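Below: the structure, in structure tokens.
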Amino acid sequence: MQHWIAESRAEIVKCYRALVTKGDLADLAIDDLRRWQWWDLTADVLAQFDKPSHASKIVQKGIVRYALQAPGEEAKLFVAAARAKQPKVVADVEETLKLFEPGK
């Protein structure tokens, strides 16, 4: 990790914690966290899934994409629950990951 990022990580995470709660910005923030593999906000990200402010398909797919790649039991349980509630959304995200991020 670049030195300046390591020094600023706590502040960046603090800002992203606020962004993931904003339905109109959440997909961008969540995708950044996923690509960076910063799992600090896993609980915060997953908690947004059922909120009306995060009901758009793009945001929900972003949350599922994050959960599919996040380590830990919390993410696995979330994916299982999402698969039961919205199997098509989970299947679509899995297919997209296979096509566009095969090494992940």
- Query: If the Cβ limit is 6 Å and pairs must be 6+ apart or interchain, which residue in the stretch 20-37 that is under 14 Å from Lys61 (Cα atoms) pairs with which residue that is among the aromatic types (Phe, Trp, Tyr) and loosely packed, with under 14 Cβ neighbours inside 10 Å?
  - Reply: none
- Message: Can you tell me how many residues within the stretch 53-89 are over 15 Å from Val20 (Cβ atoms) and out of contact with any Leu (no Cβ under 8 Å at 6 or more places or on another chain)?
- Response: 16
- Query: Out of all the residues in the stretch 2-14, is one or more surrounded by 13 or more Cβ atoms within 10 Å (Cβ to Cβ) and in contact with a helix residue (DSSP H, G or I) (Cβ under 6 Å, 6 or more places away or on another chain)?
  - Reply: no
- Message: Here is a list: Leu77, Leu99. Which entry is more than 27 Å from Ile5 (Cβ to Cβ), surrounded by fewer than 18 Cβ atoms within 10 Å (Cβ to Cβ) and modelled with pLDDT under 95?
- Response: Leu99
- Query: Restricting attention to the stretch 49-77, which residues are closer than 14 Å to Asp31 by Cβ, assigned to a loop (DSSP other than H, G, I, E, B) and either within 13 Å of the chain's Cα centre (by Cα) or without any contact (Cβ under 8 Å) to a residue 24 or more places away in the chain (or both)?
  - Reply: Ala70
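The values are calculated or read from the model by the stated rules, or taken from the named source; none is laboratory data. From a predicted model like this one, the values you see are computed outputs, not experimental measurements. Neighbour counts run over all protein chains shown; Cβ positions are idealised from the backbone, glycine included.
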